[in-house]
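A short write-up of the structure that comes next.
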Amino acid sequence: ALMITDECINCDVCEPECPNGAISPGEEIYIIDPALCTECVGHYDEPQCQQVCPVDCIPLDPEREESREELMAKYERITAA
Ligand code: SF4
Ligand code: SF4
């Protein structure tokens, strides 16, 4: 999963781009729900939020490294629900 750092300027550009509805406004900055973030696997070749963020504050979460297979399995769980 990806994460949003405290450099976020709350511009709201990323939220509508997420195909999994994983992004929402948090208390101070936008947040990504790691249970819903597939790094866009299953939908797009590149993480859409990273493409649009004007301040490049959406890196991979080093505490939540996932393989492509795990991400695809998550995508399948989400779309089946
Ligand atoms: Fe959503 Fe894709 Fe960004 Fe994850 S990488 S938060 S699935 S837009
Ligand atoms: Fe924050 Fe970047 Fe999303 Fe804008 S696009 S709300 S700066 S994470």
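Remarks
- For first residues located in the stretch 14-39 and more than 20 Å from Lys74 (Cα to Cα), partners that are near ligand 1 (Cβ under 6 Å from one of its atoms) and open to solvent by less than 60 Å² (accessible area, probe 1.4 Å) and lie 6+ apart or on another chain with Cβ distances below 8 Å form the pairs Cys14/Ile23; Cys14/Gln48; Cys14/Cys49; Tyr30/Ile23.
- Checking each residue in the stretch 1-36 for being open to solvent by 40 Å² or more (accessible area, probe 1.4 Å), touching a helix residue (DSSP H, G or I) at 6+ places or on another chain (Cβ under 7 Å) and within 9 Å of ligand 2 (Cβ to nearest atom) picks out Val13, Glu17.
- Members of the stretch 37-58 found to be of a type outside the set (Val, Ile, Thr) and either open to solvent by 50 Å² or more (accessible area, probe 1.4 Å) or not in a loop (DSSP other than H, G, I, E, B) (or both), listed by number: His43, Tyr44, Asp45, Glu46, Gln48, Cys49, Gln50, Gln51, Pro54, Asp56
The values are calculated or read from the model by the stated rules, or taken from the named source; none is laboratory data. None of the values given here were measured: they were computed from a predicted structure. Glycine gets a Cβ as well: all are built from the backbone with ideal geometry, and neighbour counts include every protein chain shown. Please note that ligands, DNA and RNA were not included when accessible areas were found on the heavy atoms of the full protein model with its side chains. Shrake-Rupley method; radii C 1.70, N 1.55, O 1.52, S 1.80 Å.
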